[in-house]
Amino acid sequence: MPRAIIVGGGIAGLASGIAFANAGWDVTVLERAPRIEPMGAALSLWPNACAAIARLGILGAVAAAAAPIRQMLLATKDGATILSRPLPDTALLATRTALQNALLVALGPDRLRLGCEVAALAPGRVTLANGELLACDLIVDAGGIRAPSNTDVPPVYAGYGGVLALSGRVAGPGLGGVAAEYWGRHQRFGLFELPGNRRYWFLMRTQPAATAMPDLAACAAAAEGWPSPVCEAIVATAPDALIPFAVHAKPPPKTLCAPGIIRVGDAAHAMEPNLGQGACQGLEDAAALQAIAAAATPAQVAHHYDRLRLKRARMFVRESALGRLGAQGPAAAQFVMRAVLRSIPAALSEPRLRAMHTMPDYAARLR
Ligand SMILES: Cc1cc2nc3c(=O)[nH]c(=O)nc-3n(C[C@H](O)[C@H](O)[C@H](O)COP(=O)(O)OP(=O)(O)OC[C@H]3O[C@@H](n4cnc5c(N)ncnc54)[C@H](O)[C@@H]3O)c2cc1C
């Protein structure tokens, strides 16, 4: 039985562990943290990610604790629609905790080693910080944007950041499955529905890297005059629920592999969050690897993985960077992007959206 060692127990690492185990490999996931804790609050899992987690066998478990997303909405701070599209296929908004729990159960506790910092990687050999050596047939680097095998191109601050939060139960009506972003000038709010009429929301602002993050009172002040569901979500949020973030990303990767190592998730393709596809692409990596690992020898995995995944991963990194222009770009770019999005006929935007939201049949492409 071939052996894969996976560095990092984030979403991409846990999902890849399940993928290799499903394909009949011996798997160990090494995570440096003493316990798996959610980084952030919640995630949009677009139809391509739902297809990926269905392949991994955990769609039912994830959906049971998530809320459906039925429609995407981009609107101005006054609530005027920029773009609105229904989502005919399954899309979900899940808390990171719920997704991680489903991944952990499917992986199984015996395949995960916590408190294991990886110090060095070489083909077929992983060295832990405590000096222990582990041998394997393939290393999967899932170490995130600062992954140990991908230090040549450092992450760059994208010029914006803010806070995100999970609210308590909101007093107002539900959102009917609408996932919304409201765009002001250099400031935007995102708003998503969770089970129990709770919300996942964020405030993103153009700002220098070292800027202090807003507290709840500053968020409430910033939301004055914006659509009422934004204000209702903020009112239902506890002050200590705010999580600050600063957006970093890397350019599109030239390859997803290094000798003896393949990269998944942010380790491979760290992108800006404007399409909500970072983790979704990590889940697609895992679904593709499940198909590859079931059919190929360890020596062939990297070749097939780059062939199946590189072009699509690069596209998401590029498009996610472009997505910044609508609210965080120069004033002229904001104007042009909004005008284009408003005027683009559904006949043109639908196929593009559909291509993003449809996970390729990776098993079929291997044949
Ligand atoms: C504001 C914001 C909103 C977002 N919203 C969405 C969204 O709605 N949908 C979506 O799909 N994506 C979204 N993303 C992107 C998503 O959060 C990331 O793409 C995803 O979490 C990356 O997961 P990962 O497993 O690749 O990396 P990480 O979550 O960074 O996990 C890497 C793991 O590797 C471990 N590790 C690192 N180095 C070592 C080592 N040497 N030894 C052992 N362990 C190590 C770390 O401790 C960590 O646990 C968003 C991002 C941001 C910033």
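The values are calculated or read from the model by the stated rules, or taken from the named source; none is laboratory data. What you see is a predicted model, and the numbers here were worked out from it, not measured in a lab. Positions of Cβ are backbone-derived with ideal geometry, glycine not excepted, and every protein chain shown enters the neighbour counts. Side chains included, ligands, DNA and RNA excluded: accessible areas come from the protein's heavy atoms. Shrake-Rupley method; radii C 1.70, N 1.55, O 1.52, S 1.80 Å.
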Review point. Looking at region 252-274, is at least one residue at pLDDT 95 or above, over 21 Å from residue 40 (Cα atoms), surrounded by fewer than 17 Cβ atoms within 10 Å (Cβ to Cβ) and of a type in the set (Ser, Thr, Tyr)?
Key: yes
Point to revise | Options 94, 41: the member that is within 12 Å of the ligand (Cβ to nearest atom), crowded, with 24+ Cβ neighbours inside 10 Å and touching a residue at least 24 places away in the same chain (Cβ under 8 Å) | key: 94
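For region 166-173, state whether one or more residues are in a strand (DSSP E or B) and either without any contact (Cβ under 8 Å) to a residue 60 or more places away in the chain or in contact with a helix residue (DSSP H, G or I) (Cβ under 9 Å, 6 or more places away or on another chain) (or both). Spell out how you get there, then give the answer.
Step one: list which residues in region 166-173 are in a strand (DSSP E or B), which gives 166.
This time we only want the ones that are either without any contact (Cβ under 8 Å) to a residue 60 or more places away in the chain or in contact with a helix residue (DSSP H, G or I) (Cβ under 9 Å, 6 or more places away or on another chain) (or both), so: 166.
Yes.
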Practice item. Being surrounded by fewer than 22 Cβ atoms within 10 Å (Cβ to Cβ) and charged (D, E, K, R) is the filter here, so list the residues in region 141-156 that pass it. Key: 146, 152
Review point. Is there a residue being open to solvent by less than 20 Å² (accessible area, probe 1.4 Å) and either more than 23 Å from residue 268 (Cβ to Cβ) or away from the ligand (no atom under 14 Å from the Cβ) (or both) anywhere in region 121-128?
Key: no
**Study point:** Selection from region 249-289 of residues that are in a loop (DSSP other than H, G, I, E, B) and more than 9 Å from the ligand (Cβ to nearest atom)
**Key:** 250, 251, 252, 253, 254, 255, 256, 259, 260
Review point. Yes or no: residue 320 modelled with pLDDT under 95, under 21 Å from residue 46 (Cα atoms), among the hydroxyl-bearing types (Ser, Thr, Tyr) and open to solvent by less than 70 Å² (accessible area, probe 1.4 Å)?
Key: no
Check your understanding: What are the residues in region 215-241 that are touching a helix residue (DSSP H, G or I) at 6+ places or on another chain (Cβ under 6 Å) and in contact (Cβ under 8 Å) with a residue 40 or more places away in the chain, if any?
Key -> 219, 234
Point to revise | Per-region count, region 143-163, residues of a type in the set (Gly, Ala, Ser) and part of a loop (DSSP other than H, G, I, E, B) | key: 3
